[in-house]
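Have a look at the structure below, then the notes.
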Amino acid sequence: MTMNKGEHIKIICKNRKAFFNFEIEDTFEVGICLVGSEVKSLREGKANLSDSYGKIRNSEIFLVDCHISPYVQSNRENHEPLRERKLLLHKREIKKLTGKVAERGYSLIPLKMYFKNGKVKVEMGLARGKKTYDKREAIKKKDQRRELERMMKFKQR
């Protein structure tokens with residue numbers, strides 16, 4: 001994500017599980033349709049992307065299972081925390097993604113949610129699920145890197 005001059009970005013939440021469970025092949029920024037109480041709740045940082053995913057229906061893309069907590073100071077007109085929210089993309093982008101997701105093994109995963117110049121944006125990733133042995137390999141590499149850093153730190157003393 002590149003930041004242009006004059007852009008202000010504030011990250012709301014990240015999907016940490018996504019990089020462990022999936023191999024991200026492509027990322028793109030999308031807008032999202034929200035109601036007022038959802039935006040106010042997001043300003044407080046009350047969102048969770050861990051089990052959410054993108055679903056294509058009638059040539060529209062929806063964000064499913066994204067939890068945005070109800071706004072505390074709202075009245076009875078508060079939003080439903082797990083409702084499906086429409087993602088905003090151009091028609092040609094949706095067609096391209098529909099073709100990719102139709103292939104076996106690809107899915108749309110939200111990576112992070114953030115404010116960009118006052119608007120809520122979601123960074124989505126076109127992802128392929130990792131197998132369990134790939135996950136074990138990733139853990140092994142992470143442990144080796146951590147051990148190497150620990151040894152380098154010890155040598156510097």
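The values are calculated or read from the model by the stated rules, or taken from the named source; none is laboratory data. What you see is a predicted model, and the numbers here were worked out from it, not measured in a lab. Cβ atoms come from the backbone with ideal geometry, glycine included; neighbour counts cover every protein chain shown.
Among the residues making up the range 118-157, a single one is closer than 24 Å to E44 by Cβ and surrounded by fewer than 10 Cβ atoms within 10 Å (Cβ to Cβ): G118. In summary, helices (runs of 4 or more DSSP H) completely within the range 5-115 and bearing 1 or more residues that are aromatic (F, W, Y) and surrounded by 15 or more Cβ atoms within 10 Å (Cβ to Cβ) occur at 16-21.
State which residue is nearest to K95 (Cα to Cα) when the search covers only the range 116-157 and only residues that are of a type in the set (V, I, T) and assigned to a helix (DSSP H, G or I).
Step one: of the range 116-157, the residues of a type in the set (V, I, T) are 120, 122, 132, 139.
From what's left, assigned to a helix (DSSP H, G or I): 132, 139.
Values: T132: 31, I139: 36 Å.
Applying the filter and picking the extreme gives T132.
Of the residues examined, E84 is not one that is in contact (Cβ under 8 Å) with a residue 24 or more places away in the chain and closer than 14 Å to K119 by Cα.
Close contacts from the range 132-157, counting a first residue that is closer than 25 Å to F20 by Cα and a second that is acidic (D, E) and assigned to a helix (DSSP H, G or I), with Cβ to Cβ under 8 Å and a gap of 6+ residues or different chains, come to none at all.
Each row is one residue, and each column tells you yes or no for (1) within 30 Å of G99 (Cβ to Cβ); (2) in contact with a Leu (Cβ under 8 Å, 6 or more places away or on another chain).
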position: L34; (1), (2): yes, yes
position: R43; (1), (2): no, no
position: A47; (1), (2): yes, no
position: S52; (1), (2): yes, yes
position: I61; (1), (2): yes, yes
position: V64; (1), (2): yes, no
position: S69; (1), (2): no, no
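Applying the criterion of being out of contact with any strand residue (DSSP E or B) (no Cβ under 8 Å at 6 or more places or on another chain) and at pLDDT 85 or above to the residues of the range 85-105, the residue that is nearest to S69 (Cα to Cα) is H90.
Residue-by-condition table, conditions (1) among the small types (G, A, S); (2) within 14 Å of the chain's Cα centre (by Cα); (3) farther than 26 Å from T132 by Cβ:
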residue	(1), (2), (3)
C13	no, yes, yes
F19	no, yes, no
A47	yes, yes, yes
S50	yes, yes, no
H67	no, yes, yes
S107	yes, yes, no
